[in-house]
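Single-structure report; data block below.
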Amino acid sequence: MLKVDPGFKATLSTVESAGELSYCYQCSSCVAECPAAQRFPEFNPREIVLASLLGVAEYLTAEGSVIWQCATCYNCYERCPQGTHPVEVITALKNIAFDSGNAPENVSSLREAVMEHGTVIAPSDTIRKRRDELGLPELPDAPAEDMKKIMGRGGG
Amino acid sequence: MSGDYTLFPGCMIPLRYPQIETAARKCLPAVGIGLEEYPGFTCCPEPWTVKGTGLEEWLAVAMRNLAVGENSGRDLLVLCNGCYSTLREASHILSVNPEAAKAAEKKLSGLKVSYKGKVEVRHVASVLAGIGPEKIAKSVKRPLEGLKVAVHHGCHLLRPSSVMEFDDPFEPSILEDLVAALGAEAVRYEGYTDCCGRALNDVNAGLAMAEEKVRAMEEAGADCLALVCPACFEQFDLGQVEMKRHLKKEHHLPAFHYCQLLALAQGEDPDALGLSRHKIKVKPLHRKLGL
Ligand code: SF4
Ligand code: SF4
């Protein structure tokens, strides 16, 4: 059974312009040059916008959702005549999926890495040595403690 | 356009592809660009996965980085399309979306951060474009005569064009002019502004996108490809190894960050530039590179 959530639209983050989705008039300009749509028949930015607008987007924020195949190429952003920015709607959906514990493991682990190291890649002795061989300055220190304050649950 | 910038290091270049940083530090001073260190930066944060986990904290971390950059007293220079995307978009959001700015500030309340919106984030490609092909050509000592280079811009350098402000989002040519300034020939190929596929969570589907591009580059007669992003670099360099393994498609098209090509054309030694670290060997090109 399709669950309709009339309040869903209001739960999308408005940090970017995902809130503009009501202007979508379903023209499909965003679909033609979408590389994810070309590879995944179930990925369609026009439908993703519509589902979010109508509040039938539960399948998009569920585990294993196709939204994680978005290439973030911003073709749809440039091509949309209505300023709807499907890629930003998709990012807002990803946020909801993550908050519900449904983000892919490799995605959440990069976020963890930022909290732990301040960078998505952990510094290692191997890289320090290689930098030295390449005549580079020492690795700059990335203040992970600040990341924990910003990103740690309960903070903010 | 020349002058001093604070280098925003990011993650992938200093921690995985430091040879790109070496190239940048060698080639940029020769065209009048000074790179200064400044302590305190973190991941930008990365704009397709970390951003997907929380836009507010993504904005807050970016705002903190912008504030650190502002403290340095110079504009920021990045060598990576991902850093460019995040920092430029964040600075745009902070100037047009007061509600989002307030939410980010709240997340930063435990830290001493003051951001006034005075710092500009520049991609090395855009700073070099400002310097212009003629001046860059003057720094060339060993022209890359006869080398055919396919340019891969990378999405986040070009789009959204209103925020990135680099070149036309679908028909760019500036990077090709910068390649031509080195004495090389930039070759156009089908789908030249297409995405490298790096951000797809299905790795093989993403690789297939990169493979299509490499094939088009080869069909256009390219000897190598030039790009300006470490994530695109990984997708094409390590990516060609993975294409062989996972897609059973074999290619040997060496990939270079534009700074590496510039440094080579300026006469730098490929070993000192750490080019032997590339998975797709650069050696077969040595003759064409005049080495
Ligand atoms: S999001 Fe934009 S381009 Fe896509 S269908 Fe709606 S109006 Fe058209
Ligand atoms: S950003 Fe995502 S939805 Fe938009 S065109 Fe690219 S792959 Fe498709």
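What follows draws every value from the coordinates through simple rules; no lab data is involved. All values reported here derive from a predicted model rather than from experimental measurement. Glycine gets a Cβ as well: all are built from the backbone with ideal geometry, and neighbour counts include every protein chain shown.
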Lone cysteines, chain A (no partner Cβ under 4.7 Å): A:Cys24, A:Cys27, A:Cys34, A:Cys70, A:Cys80
Inter-probe distance in nm under a simple model that places probes 7 Å from Cα toward Cβ, at B:Leu111 and B:Glu165: 2.5
Which listed pairs, of B:Lys148/B:Lys283; A:Lys9/A:Lys149; A:Lys148/B:Lys107; B:Lys213/B:Lys244; A:Lys129/B:Lys281; B:Lys244/B:Lys288, have C-alpha distances above 20 Å, in listed order: A:Lys9/A:Lys149; A:Lys129/B:Lys281; B:Lys244/B:Lys288
Gap separating the Cα centres of segment B:26-69 and segment B:220-282, nearest whole Å: 24
Whether segment B:141-285 is rounded, prolate or oblate, judged on the alpha carbon gyration tensor where a/c under 1.5 counts as rounded: oblate
Relative contact order, percent, chain A [alpha-carbon distance under 8 Å, six or more residues apart]: 22
Average Cα contact separation per residue, chain B, under 8 Å, 6 or more apart, as relative contact order %: 20
Positive-pole candidate from B:Ala263, B:Pro172, B:His252, dipole of segment B:146-291, charges at beta carbon: B:His252
Helix-only mean residue ellipticity at 222 nm for the protein assembly as shown, each DSSP H run of n ≥ 4 adding -39500 (n - 2.57), per residue, nearest 500: -12500 deg cm²/dmol
Size of electric dipole in the protein assembly as shown: Cβ of Lys, Arg +1 and of Asp, Glu -1, about Cα centre, debye, nearest 20: 640
Computed E for B:Lys118/B:Arg287 - FRET, C-beta separation, R0 51 angstrom, nearest 0.05: 0.55
Loop-located trypsin sites (Lys or Arg not before Pro) in segment B:91-146 whose Cβ has at most 13 other Cβ within 10 Å (DSSP): B:Lys112, B:Lys116, B:Lys118, B:Lys141
Dipole magnitude of segment A:8-99 about its Cα centre (Cβ charges: Lys, Arg +1; Asp, Glu -1), debye to nearest 20: 140
Segment A:1-44: chymotrypsin sites (Phe, Trp or Tyr not before Pro) falling in loop per DSSP and having at most 14 other Cβ within 10 Å: A:Tyr25
Sites A:Ser100 and B:Val241, calculated FRET efficiency, Cβ-Cβ separation with R0 35 Å, nearest 0.05: 0.45
Three-way shape label, segment A:105-150, alpha-carbon gyration tensor, a/c 1.5: oblate
Proximal charge balance of B:Val78 [Cβ under 10 Å; K/R count +1, D/E count -1]: +2
Within segment A:46-92, GluC sites (Glu not before Pro) in DSSP loop having at most 15 other beta-carbon neighbours inside 10 Å: A:Glu63
